[in-house]
Every structure is written in C-alpha cells, then in structure tokens.
1. Kindly establish whether A:Asn190 is over 13 Å from the mean Cα position of the chain (by Cα) and either open to solvent by 70 Å² or more (accessible area, probe 1.4 Å) or within 15 Å of A:Leu109 (Cα to Cα) (or both).
2. Select the helices (runs of 4 or more DSSP H) contained entirely in segment B:136-218, then report the ones holding at least 2 residues which are farther than 23 Å from A:Ser87 by Cβ and touching a Gly at 6+ places or on another chain (Cβ under 7 Å).
3. Of the conditions (1) open to solvent by less than 30 Å² (accessible area, probe 1.4 Å); (2) within 8 Å of chain B (Cβ to nearest Cβ); (3) more than 21 Å from A:Ile203 (Cβ to Cβ), A:Pro103 satisfies every one except a single condition; which number is it?
4. Just name the residue that is least open to solvent (accessible area, probe 1.4 Å) out of those in segment B:119-132 that are of a type in the set (Val, Ile, Thr) and under 18 Å from B:Ser165 (Cβ atoms).
5. Is there a residue being small (Gly, Ala, Ser), within 7 Å of chain B (Cβ to nearest Cβ) and open to solvent by less than 40 Å² (accessible area, probe 1.4 Å) anywhere in segment A:71-85?
6. Where in segment A:112-203 are there strands (runs of 3 or more DSSP E), lying fully within it, with 1 or more residues that are closer than 25 Å to B:Leu128 by Cα and at pLDDT below 95?
7. In segment B:133-157, what count of residues is obtained for those that are more than 19 Å from A:Ala137 (Cα to Cα) and either open to solvent by less than 20 Å² (accessible area, probe 1.4 Å) or aromatic (Phe, Trp, Tyr) (or both)?
Amino acid sequence: MRILPYITLVSISVAGGVLVSSQWQVRVTRVVNPVQPYTSLTDTLDALTDEQQRLKDEIAAATASVKRRKATLSTSLREIDRTLVSSSAEASTAAGFTKVAGPGVVAVLDDSPDGILSEQAITHAADLRDIISLLRAIGAEAISVNGERVITTTAVDCIVNTILVNDTRLSNPYEIRAIGDAETLARALNDPAVLSDLHERVIQNGVRFSVTTSTRTEIPAYTGRLPGDHVTLVR
Amino acid sequence: MKRKLLFSTSEIFIVCLLLGVLMRWQSDNRQLIAQAQNPETQEVVAVEVARLTNANTDLRKQLSDVTQQEYELQQAIVDKQSASATYQKELDKADLVTGSVSVTGPGIRLVINDSLTNAQITDVLNALKNIGAEALSINDYRVTPWFSEWRTNLTAPYTVVALGSPPVLATSLTRRGGIIDQIELAAGALELTVDQYDELTLPETPLPNFQYLQVVEE
C-alpha cells in the first residue's frame, strides 16, 4: 500500500490547522481593523511624495518659462535698466535659481553593503552636513545632493532612516556634486584627517564613500520654497 | 492489484499551491499588523506625513509665486514700465538668499558661552534652518551658500541671530529633544540665553567671484 498520499494529506491538514490557528491569534480585541489607519497613513505619505514631485516639476517648468520670457524682455526692451537686468541674472545664479555646470567632483556615499547593519555602518544626515560644510570651506561654488540644490536655507535632516534635504525625502546612495577646483575638492574629501569619523567608518564598518573628479558636472536649479515671509531687505 | 489513490497528484498540487499562497498572505499580514501596531513606526510615518504636508503647502505657494512672475513678465513684455519692477522683485529674492544685502525682521538671538565643535555649530545652524529661519548670522558673519563654520574659525561666545517667527524658533530650539538638548546630552550643560526680538538686523556680505561655475542655458 502506498502511504505517500496519506502523509501528504496529513501534512496539508496540519499546515492548514497551524494557519487557521495563527490567523485566529492575530485577531485584536478592540480595533476592528488595525491595519487600515496605518495603510491609509502610508498611502497618504506616498500620495504626498508624488504631489511633491509633481509640484517641483511644475515649478521647474514655470521657472524655465520665466527664464525664456526674461530673455525676450532683456533683448527686446532697450529702455529697461540694463544694470538691473544683469544684476538680477548674476544674483539668481549665485542664489542657486539657475542650472549651472563646471569642473568639480561627484562623491557617492552609501551604507555598508554587507554584514549586520549598525549605527556605524549606515550613512547619516550628519555625514552629509559635514561633507557640505567641508565643500563650502574649500571653495565649492555650487553643491547638490541627489539633485537637490543646496542653498542658504537648505537643511539636511533625518526622520529615523529617511534623510531629507530641502524637505525632500532622499534614499541612498547619496550623490553629492560640487563645482570648484576639482583637485582641491577631491583631495580634501579623501583626506582621512578631515572627515575622520566618516573615513574611519569606511575602514571599520564598510560604509561606502567614493570621490571622482569631473571636468564638467551639472547641478540643477533650486526649486523648493523661498524665504521672505518675515524679513525685509535693507538696501 | 493496483489500488486507486485517494487524491490525484494534480489535486494535491493545487491544494499545496493554494496553501502556499495562503501562508505567504498570512505572513505579509502579520508583518503589516506588526508594523501597524508598533507606535514608533506609526509615529515616524505620521511625522513624515506632517512634514511633507507643510513642505507641499510651501511648494504650492512657490508655484503660485512663479506663475505670477510668469504672468507679470508677459505683461512686462507688453508694458515696459512694469519690467523694471519685475526684475527688482527677482533681484530681491536672490539677494535675500545670497546675503548680499542687509536684512531686518523679527527673530531670536542665541548666545552660547561655552565652546562648541564645528560639527555642533553646523548642527545648531542646520536646526535653525530646519525650524524655518529665513536668514542667519553667527558672530556677525552672515550665513550664505558659501559660508562654512569650518573656515571661519569661530570661537565662544557664539552669537547666533536667526530671523523668522520668534516663538517658533525659540521653543523649537530649546524644547526637550531639540538641538540644544541633544548637544547638552552629549557634551554636558551649556551656558546659553535665547531672547526673542521684534526686529533684528543682519549684515550684508559680498558675492564671491565665481571662477568655475557657468550657467547652463536651457
């Protein structure tokens, strides 16, 4: 007599029993559906993230249109104060409102790819803040992180394991671009005595950090919110 | 004599397949319920939602401003007189960000008498930006896109002036778990004062001479 079918049947029955009893155990007594509030929260998060991207795209498109109209205006109207036009263009570039390019570096920072992830083996907002501060100190003229232009009011923060730059959620790997003297920027970023904590974690905990020089790197324009609600210029 | 099996192989296969699907579904549900019942996970997502909601509100305002500017430029192309005003508005926005013009407004003055590391100074300035400071200075150096505490050799006492909503800046800075609390937790108590003002003025700083960056025409 072949007993295999019966063994299979018994196995299926036992597994089914475990499944039913485990389903029974996860029932909660008070909340009818404990998952619904959470999923609606995560759905909201996804929807807001999509909306943020859409708004940024619309701002970028409107900004490009503004730029085109300015070009039309500045070339066609002789009566306009030419100094004002050029000052405005120069200040907008300096402020980060225009896309720029130039020689520089592209640094990539990422969590350790293997082993047990500890605090020391992952990238932190503080690492990005240190890299930005260093780049500014050695003369970087423009900086971006994963396509987010770093301007005066840019904050780099985190909520548990999500890093936010300009209130935009970014995920690893983090690509930091900087325009300036490529050799100077690369030398400072690779100097273990400067970003000592980061370089130590690269060796000890497998954090990934690489720096490459570039003859031409592009940095996008800033598209986030602008300050101005509480301050007045004193000319 | 060959006995007939109770179930055919294909029937057992189908039942096993269904069981596999059910077990996977069960496992996914357990994971989701575990996440949903963890108040920390819920709180983190809630904080992210709140933050994104605020950020998107600001972006909608920004979009509305740019659209308005787009409209004004179109008008300016037709009406020559409004052209200068449009450019002036653009220049004002940029000058505020670059710090090339002095600014005034309500805000706070934070004075820390103890010595801080560069990283701690970075964190204090970053926290103020995060809370909503619109313009900043430290020891009379205006914080600009090129300012770096790593280069400036700042020494105590540190006087940080931040323009923005005074109560929001002051309470967020000094609340439990705020940046001051975090630094004190790591480095010990700090001797500091935070005062709110209706009007403070920040100095201007000249634009640097750019040697490397060029505008990309689009």
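The values are calculated or read from the model by the stated rules, or taken from the named source; none is laboratory data. Note that the structure is a prediction, hence the values are computed from the model and not measured. Note: ideal-geometry Cβ built from the backbone for every residue, glycine included; neighbour counts use all protein chains shown. Heavy atoms of the whole protein, side chains included, go into the accessibility calculation; ligands, DNA and RNA do not. Shrake-Rupley method; radii C 1.70, N 1.55, O 1.52, S 1.80 Å.
1. yes
2. B:166-174
3. With respect to (1) open to solvent by less than 30 Å² (accessible area, probe 1.4 Å); (2) within 8 Å of chain B (Cβ to nearest Cβ); (3) more than 21 Å from A:Ile203 (Cβ to Cβ), A:Pro103 is out only on (1).
4. B:Val124
5. No, every residue in segment A:71-85 fails to be small (Gly, Ala, Ser), within 7 Å of chain B (Cβ to nearest Cβ) and open to solvent by less than 40 Å² (accessible area, probe 1.4 Å).
6. Correct list: A:156-159, A:162-165, A:168-170.
7. So the answer is 3.
Let's see how each residue does on (1) among the hydrophobic types (A, V, I, L, M, F, W, C); (2) free of Cβ contacts under 8 Å to residues at least 12 places away in the same chain; (3) within 7 Å of another protein chain (Cβ to nearest Cβ); (4) not in a strand (DSSP E or B):
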| residue | (1), (2), (3), (4) |
| --- | --- |
| B:Ser84 | no, yes, yes, yes |
| B:Lys89 | no, no, no, yes |
| B:Asp95 | no, yes, yes, yes |
| B:Gly105 | no, no, yes, no |
| B:Val111 | yes, no, no, no |
| B:Thr122 | no, no, yes, yes |
| B:Leu125 | yes, no, no, yes |
| B:Lys129 | no, yes, yes, yes |
